[in-house]
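See below for the structure under consideration.
Derivation of every value follows stated rules applied to the coordinates shown; laboratory data play no part. Source: prediction; values computed, not measured. Ideal geometry is used to build each Cβ from the backbone, glycine not excepted, and the neighbour counts take in all protein chains shown.
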Amino acid sequence: MKKVVIGIKRANSTVNVTVTFDDDPFELLDESNKPKNEEEEQKQLISLAQSIVANKIIGHEINLDSDIKNHELRTHVLISEKKEGGLQVSYTNPYGISVLGKPLSLGKLLQDRLGTVQLTNAYGEIGAEQTLRLPQIPENILQSLQAKKAIATIAKGKRDLDKQKEEFLTKGPSEFPEPAVFPLSIKTTAVKDIDLKNAVEKLSALHGNESQLNPILKQIETVEEEIKTLEIELTELKKKEASLKDAMSEGTVASFAQTHLQTSKSELEETRKLLENKLSTLRADLSRAKSSFENHVKNNYALYEKFENGQEFTKQVMLTALYNAALDNYKELLKDTKGQPETRKKMVEIFNKHFGGIAIVDDYGKVNPIEETYKSFADTTLSEVVALANEVIKVTEPKFIETRLIEAKVHCQNQYPKHFNNLIYNDQTQTTPFIMEKSFSIFGSGTLQKININTKFDTDRDKPIQSASDPRQLRAEESKIPDKKAIEDSQSQLKKAQTQLTELEQKVRNFQRYTALIAELEAKEELAPKQKIQLDKVTESFNNARDSIITQIKDQPVDVQKYVLQNINPQLAKSVVNELPEANKKFLITVLPELTKIPEKSEIELFAEKYAVLANEIATARKNLNQIKEKDIQVEQLNQLRSALDKVNESQLDASNLEKVLEQSHTYTQNDLAVDGLIFQQQLTTAKKRLAEQIKDVEEKFESIKQANKEWLTIFESERQLLIDVESSFKEMEYQRDQSEKNKEELQRLTELATRSYMNILSEYEQINERIKLAQGAQTVEQAVILETRLAEEPKEEIVTPPTDNVSKDQNETPPTPNKGAMSGSKPETIVDRIKAIYEQYFKAVREETENLSQKEPSQWQELFKEKNAEGNLEEFKAEYLKEIASDIKKEKAVAALNEIIKLIQETEWKTGFLGSKSKINIEGKKTPVPVPNHIYEIYLKAQEGIKEPKNADLAMQAINAIATRAKSHSAKFQFLRKRDEQTQEAYDAIETHSKPR
């Protein structure tokens with residue numbers, strides 16, 4: 001690629017524009033318009049580059065602002081032609097392609113716009129790598145420029161052709177072809193190199209459908225293929241025979257073969273040798289037949305090819321002579337039409353018509369090469385070429401043709417002897433290819449009139465064609481080919497040998513298979529009893545462990561049973577559950593659903609069942625083996641034995657799984673030994689859990705009463721500390737395998753101690769809580785009495801101020817405050833005794849029924865636990881159950897006690913004190929309501945409520961205790977206004993004393 005770099009330099013900036021051209025910038029111009037030398041070319045390129053840069057400046061493609069320090073640009077140029085005295089120039093811009101108009105002076109333009117600048121021009125050539133370093137032009141713009149170049153190239157070619165055409169008519173062709181050289185020799189093929197199949201196909205096609213060449217060749221090929229197949233199969237048979245001999249000489253097969261297979265082996269060898277002899281004869285016969293047939297075909301084909309090639313050679317020689325004669329005629333034509341364009345044009349047309357395609361002159365004076373002539377006459381015969389030559393002789397100057405024909409005749413006469421050597425032409429006068437006839441002339445030799453063919457190629461080439469397909473000769477050739485019977489005989493012999501080999505192989509395979517099956521069966525018979533002994537041991541271990549575990553847990557609470565089963569072998573746990581009572585079994589499966597996923601039968605049981613099947617199958621296989629006779633082993637018998645052994649394999653115990661089961665044997669014993677510890681651990685866990693709940697409950701209760709009188713809390717705190725001590729003992733307790741009974745006794749002792757302590761705390765808590773409620777109630781009563789006194793309507797003078805110097809008996813008997821306890825006054829025999837009797841009877845009945853209930857046998861508790869579908873452990877269930885039943889008993893007995901209290905109130909004559917009482921009750925048999933003390937009235941109403949709602953009877957009893965406590969602890973401040981009857985006071989005291997929870 002060529003380039004011109006235009007540099008525009010100023011003080012503070014430089015603009016360099018690289019204008020690139022193709023390697024041959026002026027190639028599209030006509031020769032007359034191209035620069036005469038390199039110096040002129042360089043000058044024109046620099047001038048074009050400056051004009052292009054000037055146009056780019058005018059078109060604002062180049063920025064000449066002084067603040068741009070350095071600016072590099074590139075454009076590529078196409079010079080397409082010169083028209084109207086000016087070059088047609090296109091160049092790239094940033095957006096496409098521009099066409100250069102009128103050339104501009106870059107220097108003048110820069111002077112006008114910028115003043116003084118330094119303008120430089122650098123011309124040079126660059127390679128592809130250097131081009132890559134230049135500013136790149138978009139590919140699509142370059143493609144557009146190339147498209148314009150392609151159009152310009154076509155136009156240039158058209159101009160060149162037009163010029164050549166014009167110059168041909170006015171001056172002559174640019175070049176004149178040399179005369180063509182005659183073919184040097186006739187192509188021949190050596191007999192040994194002739195392809196038999198191609199020769200047969202060619203000779204058969206030339207002869208026609210009646211030729212038997214192809215059928216005979218196919219027959220030879222078929223027999224050859226059959227013999228080849230027989231030889232391949234024989235080779236394979238010999239390999240198998242050798243392999244079989246090796247097998248028969250090894251191990252136990254050797255003695256078996258020596259005893260039972262010698263006859264079969266000898267028969268096979270004899271059959272195989274006979275087959276080898278037959279195949280050897282067949283191969284020799286076929287080789288002779290094929291060689292004879294090849295000689296017959298190839299010799300005839302070689303002779304045919306000589307005549308055919310001789311005719312083709314002669315045809316090309318005559319075409320060459322005619323072509324050269326045409327060139328001579330063309331040369332004369334050019335001489336005669338010099339300076340006569342139109343005449344030359346017409347004469348060329350006549351020339352092309354006369355020479356009929358042998359030589360054709362185009363519009364530019366060029367003559368087609370001789371190779372095109374050979375190609376166009378490829379399917380033309382020698383006779384047709386001679387006829388064409390005679391036509392040309394008639395319409396052209398004969399002297400040119402005669403000269404060239406003489407050359408052709410001489411060339412043929414020189415070449416014929418090399419190939420035919422008088423084989424065909426014994427008459428020397430016929431060794432020339434053609435004879436020229438001339439007109440009679442007294443003076444000279446006359447004028448050439450025509451030529452005649454003097455060769456016999458057309459007729460002589462038919463002789464080898466006919467000879468090759470001669471029926472008599474072909475029948476003789478066919479008779480030499482091995483017949484079908486010989487082939488079939490060899491095939492039959494091969495099949496016999498193959499059958500003998502197969503039978504012998506089968507006998508060897510049967511024996512090998514027989515011995516392998518024996519070894520396999522003996523291995524199974526040896527292994528099975530050993531596995532049975534192992535299986536019996538692990539079965540015994542499993543059963544002993546299961547029975548022992550059942551004995552240990554059958555009387556345990558279900559939570560203990562559940563815990564034990566969760567911590568032993570799952571299959572062992574499943575077996576234990578299956579042996580427990582049905583009710584117990586159903587419950588455990590409910591709480592341990594994972595047991596349902598375990599198969600009903602243990603792996604040991606499954607192995608035992610499988611072993612029974614295995615033993616039976618081994619016996620069957622042994623029976624099948626005993627029926628086989630070694631000297632006559634039948635495949636069917638082996639198949640039966642194989643089938644029996646397959647069943648043995650299907651039934652055999654999986655070694656890896658059996659090993660796992662055997663390894664578990666010691667775990668069963670460990671599980672059995674661990675059960676006692678598991679039972680203890682679960683009981684200890686349950687006890688710890690229950691104790692933790694009790695301690696939590698006690699702590700909560702303590703929080704609610706810890707502000708009470710310290711004397712009241714003495715027993716509570718003592719029992720509370722006892723619980724904490726028991727908890728410490730539980731934490732220190734560990735299971736000792738060799739002290740199992742001692743462990744259980746200690747656990748039971750601590751559990752009972754904790755239970756008693758907890759029950760004592762509950763009882764003490766209820767009493768403390770009641771005392772606190774009484775204290776709170778006394779304050780409420782005192783406030784109510786003050787309000788009642790202020791509202792009374794009695795005269796003030798009747799209000800007696802109590803003396804300050806002496807204290808009455810009633811005042812001395814006023815109950816102390818709750819913080820100091822209650823004091824009893826003197827009690828009339830009747831009412832105190834009746835109240836005491838009512839409460840003694842109530843508490844006695846509750847205690848007796850509750851004790852009777854708690855004295856159930858463990859089995860009864862177990863059945864009740866299942867019946868209630870309870871959750872958790874049995875001890876928790878017992879405590880909760882007793883609590884619920886005790887509550888029901890209290891309610892039932894409370895109804896009877898409340899009836900007795902109502903009866904007591906109704907039958908007693910009550911005194912209502914100084915102020916009287918507005919509280920009255922209806923008594924059967926009395927017409928008017930009877931007034932009673934206010935607190936007695938309250939007790940009466942509570943008793944009635946408890947009877948109407950039996951489920952609240954126990955609560956009514958507790959409320960009556962609170963009312964009595966309140967009444968007993970009335971305020972001493974207003975005692976003179978409501979001086980209480982002694983009998984009433986004693987009733988309150990008795991109720992408060994005997995109604996306390998026990």
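If you line up the long axis of helix 665-705 against the longest principal axis of the chain, both from Cα atoms, how many degrees apart are they, to the nearest 10? On a 0 to 90 degree scale, this one is about 50. For segment 183-206, the residues whose amide N sits under 20 Å from a probe point set 7 Å from the Cα of S291 along the beta carbon direction are 191-197. Only helices enter the 222 nm calculation for the chain: every DSSP H run of n ≥ 4 contributes -39,500 (n - 2.57), and dividing by all residues gives -22500 deg cm²/dmol, rounded to 500. Spatial offset of segment 485-560 relative to segment 589-608 amounts to 29 Å, using the alpha carbon center of each.
Of K463/K485; K245/K278; K102/K171, which ones are farther than 29 Å apart at the Cα? Violating the 29 Å Cα-Cα cut-off are K463/K485; K102/K171.
The label point for K856 and the one for S728, both projected 7 Å from the Cα toward the Cβ, are 3.7 nm apart. Taking amide hydrogens as placed 1.01 Å from N in the peptide plane, the amide H of Q449 sits under 5 Å from those of E437, K438, S439, each at least 5 positions away in sequence or on another chain.
For E81, the residues 5 or more places off, or on other chains, whose built amide H falls under 5 Å of its own are Q88.
In segment 453-497, taking the dipole from charged Cβ atoms about the Cα centre, the farthest positive-side position among P482, A468, S492 is held by S492.
Computed from phi, the 3J(HN,Hα) profile of segment 14-26 under the Karplus parametrisation 6.51, -1.76, 1.60 (θ = phi - 60°) reads 9, 10, 10, 10, 8, 9, 9, 10, 5, 4, 10, x, 9 Hz, with x in place of Gly and Pro. State to the nearest 20 debye the size of the charge dipole of segment 443-523 about its Cα centre, where the only charges are +1 on K and R beta carbons and -1 on D and E beta carbons. With only Lys, Arg, Asp and Glu charged at Cβ, the dipole is about 360 debye. Restricting segment 12-119 to chymotrypsin sites (Phe, Trp or Tyr not before Pro) that sit in a DSSP loop and have at most 13 other Cβ atoms within 10 Å of their own Cβ leaves Y95. Decide, for segment 607-659, between rounded, prolate and oblate: order the square roots of the alpha carbon gyration tensor eigenvalues as a ≥ b ≥ c, take rounded if a/c falls under 1.5, and otherwise choose prolate if a/b is larger than b/c, else oblate. Taking the square roots of the gyration eigenvalues as a ≥ b ≥ c, segment 607-659 is prolate. Over 18 Å between Cα atoms: which of K903/K942; K315/K353; K240/K507; K878/K996; K34/K83; K9/K43 fall into that group? Table pairs above 18 Å Cα-Cα are K315/K353; K878/K996; K9/K43.
Label-to-label distance for S383 and S740 is 13.1 nm, based on points extended 7 Å past Cα in the beta-carbon direction. A rounded overall shape is assigned to segment 559-600, the ratio a/c of its alpha-carbon gyration tensor axes (a ≥ b ≥ c) being less than 1.5.
Maximal additional length on extending the E397-Q340 stretch stands at 18.4 nm, based on 0.36 nm per residue less the C-alpha distance. How many angstrom lie between the C-alpha centres of segment 118-175 and segment 70-95? Their Cα centres are 12 Å away from one another.
Averaging sequence separations of C-alpha pairs under 8 Å and six or more residues apart, then dividing by the length of the chain, give the relative contact order as a whole percent. Computed over the chain, the figure is 8 percent. Here K463 and D162 are evaluated by their C-beta separation; at R0 = 45 Å the FRET efficiency comes out at 0.15. Taking a ≥ b ≥ c as the square roots of the eigenvalues of the Cα gyration tensor of the chain, is the shape rounded (a/c under 1.5), prolate (a/b larger than b/c) or oblate? Cα axes put the chain in the oblate bin.
Beta bridges assigned by DSSP with both partners in the chain are antiparallel in approximately 85 percent of cases. Along the axis of the charge dipole computed for the chain (Cβ charges of +1 for Lys and Arg, -1 for Asp and Glu, origin at the Cα centre), the listed residues N277, V4, T551 are led at the positive end by V4.
A straight Cα-to-Cα reach below 29 Å connects K537 with the lysines K524, K554, K562, K574, K585, K597, K601, K610, K647, K660, residues fewer than 8 places away in its own chain not being considered. Judged by the mean number of other Cβ atoms found within 10 Å, the most tightly packed of the peptides 928-938, 707-717 leads the ranking 928-938, 707-717. Roughly what angle does helix 603-626 make with the longest principal axis of the chain, taking Cα atoms, 0 to 90 degrees, to the nearest 10? Result, in degrees: 40. Can you figure out the FRET efficiency of R998 with Q944, using R₀ = 35 Å and their beta-carbon distance, to the nearest 0.05? Result of the calculation: an efficiency of 0.90. Computed from the C-beta positions of K228 and N869 and an R0 of 56 Å, the FRET efficiency is 0.05 to the nearest 0.05. On full extension, the segment bounded by T252 and S47 gains 63.0 nm, given 0.36 nm per residue less the C-alpha separation. Helix 398-419 and the long axis of the chain differ in direction by around 70°, with both axes built from C-alpha atoms. The stretch between S887 and K9, if pulled fully straight at 0.36 nm per residue, gains 304.1 nm over its current Cα-Cα span. The Cα center of segment 841-913 and the Cα center of segment 616-635 differ in position by 84 Å.
List, in the order given, every pair from K218/K495; K156/K338; K346/K366 whose Cα-Cα distance in the structure shown is over 19 Å. Beyond 19 Å between Cα atoms: K218/K495; K156/K338.
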